[in-house]
Amino acid sequence: MSSLRTRVVTPIVALDVPDVASARALVSQLGTHCDFYKVGLELYAAEGPAIVTWLRAQGKRVFVDLKLHDIPNTVRGAARSVSRHGASLLTVHAGGGVAMVQAAVEGAREDGADCEIIAVTLLTSLDAPTVARTWGRDALDITAEVVRLAGIARDGGAAGVVCSGHELAALGEAYGSTLGYLVPGLRLAGGAAHDQQRVMTPVAAAAAGATWLILGRAVTAAADPAAVMAEVQASVTAGSV
Ligand code: C5P
């Protein structure tokens, strides 16, 4: 993979909050320290596309994390609708197949929109026995499955995949810079892991090849979220920690 200094690494804060009031409070607290937010299922289900419109009006970029998985025609329409509200990134499941990923990419680009599609390979909540049982397979290797599913994402024209920091090396070896890598599960050195099992620091993930860094409670549950975000920005930019 290319060195950290030659790649742009973009931190994104997850707005894992139940309503627009809580979202406004967090966005106001972070101020200029964050210009890219993730809206997930909880907030999108509560507030709908209005939350994307509001973030755009604040000058923020928006990642809409809906993890779409349906027939290609339905996903194309959903991607078109999400991109029209000004989202920059949208997630779909690679398991929907190449045609579905391709339909999402096409829908997200209609009307000149520039929303990019990111594919989920395997949810990190799944372990090997669960995946094997779900898909009627014998024993399987999670990393190999993630790499295989990332191939579906690439063939469908996705801009990147969601992955754990620990899968970056294998994905980078297989796909290099033809895919971008969006990494959650990040914690500052010495910070609480919460319910995440395998965490990594932002700078380690950036150095290992991450393109987008998803920061949740490491920032949002901090006593001073803006200070933590400033530290993350500085360390990722400098590649120093
Ligand atoms: O607070 P925390 O850093 O654990 O939040 C991480 C964010 O990234 C949450 O929005 C979570 O849903 C999301 N995420 C994750 N693991 C994945 C995919 C998404 O933690 N594999």
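The values are calculated or read from the model by the stated rules, or taken from the named source; none is laboratory data. Worth saying up front: this structure is predicted, and the values here are computed from it rather than measured. Every residue, glycine as well, gets a Cβ built from its backbone with ideal geometry; the counts of neighbours run over all protein chains shown. Each accessible area value is taken on the protein alone, full model and side chains, heavy atoms only, with ligands, DNA and RNA left out. Shrake-Rupley method; radii C 1.70, N 1.55, O 1.52, S 1.80 Å.
Points to keep in mind about this one:
- Criterion applied to Arg187, Arg148, Arg137 was being at pLDDT below 95 and surrounded by fewer than 16 Cβ atoms within 10 Å (Cβ to Cβ), and the one residue passing it is Arg137.
Each row is one residue, and each column tells you yes or no for (1) under 19 Å from Val162 (Cα atoms); (2) in a helix (DSSP H, G or I); (3) away from the ligand (no atom under 12 Å from the Cβ).
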{"site": "Val17", "(1), (2), (3)": "no, no, no"}
{"site": "Gln29", "(1), (2), (3)": "no, yes, yes"}
{"site": "Trp54", "(1), (2), (3)": "no, yes, yes"}
{"site": "Phe63", "(1), (2), (3)": "yes, no, no"}
{"site": "Asp70", "(1), (2), (3)": "yes, no, yes"}
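- Residue list for segment 214-225, filter: touching a strand residue (DSSP E or B) at 6+ places or on another chain (Cβ under 8 Å) and closer than 22 Å to Leu126 by Cβ: Ile214, Gly216
- Counted residues, segment 85-115 - those being of a type in the set (D, E, K, R) and under 15 Å from Val39 (Cβ atoms): 0
- Considering residues of segment 159-178 that are of a type in the set (A, V, I, L, M, F, W, C), open to solvent by 10 Å² or more (accessible area, probe 1.4 Å) and in contact with a helix residue (DSSP H, G or I) (Cβ under 7 Å, 6 or more places away or on another chain) only, the residue nearest to the ligand (Cβ to nearest atom): Ala170
- Summed over segment 90-120, the residues that are within 16 Å of the ligand (Cβ to nearest atom) and in contact with a Lys or Arg (Cβ under 8 Å, 6 or more places away or on another chain) give a count of 4.
- Taking the criterion of being open to solvent by less than 10 Å² (accessible area, probe 1.4 Å), more than 19 Å from Trp212 (Cα to Cα) and in contact with an Asp or Glu (Cβ under 8 Å, 6 or more places away or on another chain), the only residue of segment 35-54 that qualifies is Leu43.
- Total residues in segment 57-79, condition under 18 Å from the mean Cα position of the chain (by Cα), more than 23 Å from Leu123 (Cβ to Cβ) and open to solvent by 70 Å² or more (accessible area, probe 1.4 Å): 1
- Residue under evaluation Gly59, criteria (1) farther than 21 Å from Tyr181 by Cα; (2) within 13 Å of the ligand (Cβ to nearest atom); (3) assigned to a loop (DSSP other than H, G, I, E, B), criterion not met: (2)
- Here segment 183-192 is the region considered, the condition is being on the phi < 0 side of the Ramachandran plot and part of a loop (DSSP other than H, G, I, E, B), and the residue that is farthest from the ligand (Cβ to nearest atom) is Ala189.
- Answer from Thr32, Thr10 - the residue that is open to solvent by less than 30 Å² (accessible area, probe 1.4 Å) and of a type in the set (Ser, Thr, Tyr): Thr10
- Listed here are the helices (runs of 4 or more DSSP H) enclosed by segment 116-182 that have at least 2 residues being of a type in the set (S, T, N, Q): 128-134.
- Ser235, sole failed condition from (1) assigned to a helix (DSSP H, G or I); (2) within 19 Å of Val27 (Cα to Cα); (3) open to solvent by 10 Å² or more (accessible area, probe 1.4 Å): (2)
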